[in-house]
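Visitor: One structure is given below, represented as structure tokens, and several questions about it will come after.
The values are calculated or read from the model by the stated rules, or taken from the named source; none is laboratory data. Please read these numbers as outputs of a predicted model, since none were measured by experiment. Ideal geometry is used to build each Cβ from the backbone, glycine not excepted, and the neighbour counts take in all protein chains shown. These accessible areas exclude ligands, DNA and RNA; they are computed on the full protein's heavy atoms, side chains included. Shrake-Rupley method; radii C 1.70, N 1.55, O 1.52, S 1.80 Å.
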Amino acid sequence: MYLLEVLAETLADAAIGFIVALPFIIFYHAVIIKKSGRSSFIPHIIAAYIFCYIISFIFTATEIPDVSSFSLTMLQISITPFIIENNEQLLLNILLFVPFGFFSPLLWKRFQNIFRAFFLGLFFSLFIEITQLFCHRVTDIDDLIMNTIGTIIGYLIFITARLIIPKLGNFFCNSSLNRKSEIYVYIATVFIASFFIKPLMPI
């Protein structure tokens, strides 16, 4: 019951982060659609919105800092792997990144390569762990390992789903929108909105 309450609270809080980032994401889509002269990528855009919500959920669940909690004191780092104190927490760290690992190759063909998917999950998790240095949380190598494992599991789920539905790998990928920078625009937009704007929301 407690986990369900925490999940509900995190989902609601993540929705706020997504909502404050949404106008900037819509503007980005409007610009690239205008440049391409096409508007036939609705599946890609809808899936991209879901992906951005997933990013907001991950940022919320991992409690990245914002302007109100940012601090340069009491940096805490754990670099010794597999000091397992909480199996439940390790499992949650894996599950947290499974949707990220699924939607990345779903949306972008370049991440339909396992090595690129691996490094994407690794560096995204590393980015989060680095930000946690500045909000009185422990930056833990176990989190980095479990998050990356979660990404690979999500990737494998995508590969399995593509075997069942062969067109899945192309349906949500759009060559006109499939820019190398797109995924990083989403991550940066949600992060900046969560860092600067979300703390100012009256909710």
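Visitor: Determine, yes or no, whether Gln89 is assigned to a helix (DSSP H, G or I) and either modelled with pLDDT of 95 or more or crowded, with 17+ Cβ neighbours inside 10 Å (or both).
Guide: Working: assigned to a helix (DSSP H, G or I): yes; either modelled with pLDDT of 95 or more or crowded, with 17+ Cβ neighbours inside 10 Å (or both): no.
Answer is no for this residue.
Visitor: Could I ask something else about it? For segment 141-169, how many residues are at pLDDT 85 or above and over 15 Å from the mean Cα position of the chain (by Cα)? Give the steps one after another, and end with the answer.
Guide: Initial filter on segment 141-169 (at pLDDT 85 or above): 141-168.
Adding the requirement that they be over 15 Å from the mean Cα position of the chain (by Cα) leaves 141-142, 145, 156-168.
Count: 16.
Visitor: From the list Ser104, Ser176, exactly one residue is touching a Lys or Arg at 6+ places or on another chain (Cβ under 9 Å), modelled with pLDDT of 90 or more and either closer than 20 Å to Ile45 by Cβ or of a type in the set (D, E, K, R) (or both). Which is it? Talk me through it step by step, then tell me what you get.
Guide: Numbers: Ser176 fails: modelled with pLDDT of 90 or more.
Answer to the check: Ser104.
Visitor: Which one of these is in contact with a Gly (Cβ under 7 Å, 6 or more places away or on another chain), of a type in the set (A, V, I, L, M, F, W, C) and part of a helix (DSSP H, G or I): Phe100, Phe115?
Guide: Working: Phe115 fails: in contact with a Gly (Cβ under 7 Å, 6 or more places away or on another chain).
That would be Phe100, the only listed residue that is in contact with a Gly (Cβ under 7 Å, 6 or more places away or on another chain), of a type in the set (A, V, I, L, M, F, W, C) and part of a helix (DSSP H, G or I).
Visitor: Go through segment 127-169 residue by residue and tally those that are assigned to a helix (DSSP H, G or I), of a type in the set (S, T, N, Q), in contact (Cβ under 8 Å) with a residue 24 or more places away in the chain and out of contact with any Phe, Trp or Tyr (no Cβ under 6 Å at 6 or more places or on another chain). Quick ask: steps written out before the conclusion?
Guide: Of the residues in segment 127-169, the ones assigned to a helix (DSSP H, G or I) are 127-134, 141-164, 168-169.
Subsequent filtering for residues that are of a type in the set (S, T, N, Q) retains 131-132, 147-148, 151, 160.
If we keep only those that are in contact (Cβ under 8 Å) with a residue 24 or more places away in the chain too, we end up with 131-132, 147-148, 151.
This time we only want the ones that are out of contact with any Phe, Trp or Tyr (no Cβ under 6 Å at 6 or more places or on another chain), so: 131-132, 148.
Going through segment 127-169 one residue at a time, the tally reaches 3.
Visitor: Any chance you could count how many residues in segment 103-112 are open to solvent by 30 Å² or more (accessible area, probe 1.4 Å) and assigned to a helix (DSSP H, G or I)? It would help to see each step written out before you state the result.
Guide: From segment 103-112, those open to solvent by 30 Å² or more (accessible area, probe 1.4 Å) are 103, 109-110, 112; that's our starting set.
Checking the rest, the ones that are also assigned to a helix (DSSP H, G or I) come to 103, 109-110.
Number of matching residues: 3.
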